[in-house]
1. Go through the residues of region 298-314 one by one and say whether even a single one is among the aliphatic types (A, V, I, L, M), under 11 Å from the mean Cα position of the chain (by Cα), at pLDDT 85 or above and within 28 Å of Phe188 (Cα to Cα).
2. On the given criteria, is Leu206 among the aliphatic types (A, V, I, L, M), within 25 Å of Gly132 (Cα to Cα) and open to solvent by 20 Å² or more (accessible area, probe 1.4 Å)?
3. Could you list all residues from region 221-273 that are without any contact (Cβ under 8 Å) to a residue 40 or more places away in the chain and touching a Ser or Thr at 6+ places or on another chain (Cβ under 7 Å)?
4. Specify which of the listed residues (Leu64, Leu15, Leu97, Leu10) is at pLDDT below 90 and open to solvent by 10 Å² or more (accessible area, probe 1.4 Å).
5. For region 70-97, which positions are over 14 Å from the mean Cα position of the chain (by Cα) and of a type in the set (A, V, I, L, M, F, W, C)?
6. Please determine, by comparing only the residues of region 268-311 that are part of a helix (DSSP H, G or I) and of a type in the set (Lys, Arg), which one is surrounded by the fewest Cβ atoms within 10 Å (Cβ to Cβ).
7. Grab the helices (runs of 4 or more DSSP H) fully contained in region 1-60, keeping just those with 1 or more residues being in contact (Cβ under 8 Å) with a residue 12 or more places away in the chain and of a type in the set (Gly, Ala, Ser).
8. What is the one condition in (1) in contact with a Leu (Cβ under 9 Å, 6 or more places away or on another chain); (2) of a type in the set (A, V, I, L, M, F, W, C); (3) open to solvent by less than 20 Å² (accessible area, probe 1.4 Å) that Ala43 does not satisfy?
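The values are calculated or read from the model by the stated rules, or taken from the named source; none is laboratory data. All values reported here derive from a predicted model rather than from experimental measurement. Using ideal geometry, Cβ is built from the backbone for each residue, glycine included, and neighbour counts are taken over all protein chains shown. In case anyone asks, the SASA skips ligands and DNA or RNA and just uses the protein heavy atoms, side chains included. Shrake-Rupley method; radii C 1.70, N 1.55, O 1.52, S 1.80 Å.
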Amino acid sequence: MRRSRTGPVLLVLALSTLLTTAFSTSVGAEQLPLPAVLEVLAARLTGSPGPDLTFDTIVWHLRLPRTLLALVVGAGLAIAGAAIQTLVRNPLADPYLLGVSSGASVGATAVITTGLFAGAGIWALSAGALVGAFGAAALVFAIAAAQGGLTPLRLVLTGTVLGSAFSAIASYLVFRSADARAAESVLFWLLGSLAGADWDRLGLPLATVLLLGGLLLAGSGWLDALAIGPDTAAALGVPVRFLRNALFAGLAVLVGVLVAISGGIGFVGLVIPHIARLLVGARHRAMLPVAALTGALFLLCVDMAARVLVRPVEVPLSVVTGLVGAPVFLLLLGRRRYRFGSAG
């Protein structure tokens, strides 16, 4: 019965995302009329002369890249959350459980407080965060593997403990900084923002989300078996150890790239997978696409709210995701019976 709902749910989500994408480009510090926005988009897509240079700059060069980045990051965090919850078989897991976000915060904080990677220009912050994220993931993997393998409990404990250590290092860097505004800059980055979006920053996260999302969808049968339990998965012929290692590596890359581009946006990867399971059930073949579209739509709405709530100042995204997402999730959870890990 739930499987038959997947098509309609995907259709509604896709149409909602398309309409919200168009509306998003009209929202910001300067409100633009929607017909003018659509005129700019039509002119750009057809190659005809644009109606107004100012509108063209705002829509095409500023708001559309940001809107598309919100879609990509939201989709990526949602499928990463779904995969990590399956990997550790824990409904409270989120993409940052592996310590990748905390490692990225060390790299980003080092860039802000010490000028590390200054030669990379506008890419310095992302480069520092990416190096920190990959370094943290490698350390978590090495310690967990040396202690017996990537079991769910060992991954949770190792990621949590090392995440706390990385957070302490980042705090120490801020404490030692002579820049009085360093703490403010680090805090804003940690809470997530898409303000730096442009066309050049879209390629890497888009390719990463498409590639790893496709691989997860192709291995949805194995993920279903792993969600039931490693013994059952092994009995069904699933190479459990290889699958866990591959999931860890893929998630480290996916989360590392997303955090390096957008900072640590909370709540999306934790809650959106549960909403997707409520909508279409726990089978990954149906749940992953629904989670991706729901995450994209959710983060796009959050980004619009962040831009207009206290104009012209932007609110960090994690503030909005927590305030908006928590009551929505609790409302949905109270409407239906929900069991994490159900194959239904």
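1. Yes, region 298-314 contains a residue that is among the aliphatic types (A, V, I, L, M), under 11 Å from the mean Cα position of the chain (by Cα), at pLDDT 85 or above and within 28 Å of Phe188 (Cα to Cα).
2. yes
3. Ala225, the sole residue that qualifies.
4. After applying the criteria, what remains is Leu97.
5. Leu87, Val88, Leu92
6. Arg285
7. Correct list: 3-24, 34-46.
8. That leaves (1) as the condition not met.
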